[in-house]
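> Take a look at the following structure, please.
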Amino acid sequence: MAPFGAGAWLGHAMNKKTLSSSAANPTSFTGAASRAKRGRILLLEDDEDTRKVVRRLLLARDFEVTDVGTVAAAWQSCAGQTFHLLVSDIGLPDGDGYRLMRELQDLHGMRGIALTGYGLEDDIALSREAGFAVHIVKPIQVRLLDEALDSLLPRLA
């Protein structure tokens, strides 16, 4: 297997309780909007609870985050701003993350992280073909998300 930075494909499990407890304390990112950001992330997740937790994780790691619950809302967000990274679920109510990733990569050269419940070998291969740099199976291990983020949008010194 290639080293993580070379686009390793990950599929691990963790429960929502662990994910929530790993998120930074909400007070730790008070004032985050005024600090320098690592990059702008478009977060696409249709499950509201998961979206809120992942958003908090990303904000605590000094990213600007636009979070949406549908492919249509993702396209609407892309019309008004530029993003450095897509973090997306695959199975969505109005489309799928594979197609969105392909189109955003073709149009804007965007990279992405798939956060999905789909973890079969075929699903991982489809993610790779669609252009996702990393495929992480839900429930999310925060350490794996951090490694993916550090690989794709490194921290500023």
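The values are calculated or read from the model by the stated rules, or taken from the named source; none is laboratory data. Being a predicted model, the structure only gives us computed values, none of them experimental. Positions of Cβ are generated from backbone atoms using ideal geometry, with glycine treated the same way; all protein chains shown enter the neighbour counts.
> Yes or no: residue 60 aliphatic (A, V, I, L, M) and more than 18 Å from residue 149 (Cα to Cα)?
Answer is no for this residue.
> Hey, another quick one. If I filter the range 41-59 down to residues being in a helix (DSSP H, G or I) and in contact with a helix residue (DSSP H, G or I) (Cβ under 6 Å, 6 or more places away or on another chain), which single residue comes out as surrounded by the fewest Cβ atoms within 10 Å (Cβ to Cβ)?
Among residues in the range 41-59 that are in a helix (DSSP H, G or I) and in contact with a helix residue (DSSP H, G or I) (Cβ under 6 Å, 6 or more places away or on another chain), the one surrounded by the fewest Cβ atoms within 10 Å (Cβ to Cβ) is 53.
> Of everything in the range 133-147, what is under 13 Å from residue 111 (Cβ atoms) and out of contact with any Phe, Trp or Tyr (no Cβ under 8 Å at 6 or more places or on another chain)? Give them in sequence order.
133
> Sticking with this one: Just one of (1) at pLDDT below 95; (2) hydroxyl-bearing (Ser, Thr, Tyr); (3) within 14 Å of the chain's Cα centre (by Cα) trips up residue 50, so point out which.
Only one criterion is unmet by residue 50, namely (1).
> Of the residues in the range 98-117, how many are within 14 Å of residue 74 (Cβ to Cβ), surrounded by fewer than 15 Cβ atoms within 10 Å (Cβ to Cβ) and not aliphatic (A, V, I, L, M)?
2
For every residue, the table says whether it meets (1) out of contact with any Ser or Thr (no Cβ under 7 Å at 6 or more places or on another chain); (2) modelled with pLDDT of 95 or more; (3) not hydrophobic (A, V, I, L, M, F, W, C).
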position: 90; (1), (2), (3): no, yes, no
position: 97; (1), (2), (3): no, yes, yes
position: 101; (1), (2), (3): no, yes, no
position: 106; (1), (2), (3): yes, yes, yes
position: 113; (1), (2), (3): yes, yes, no
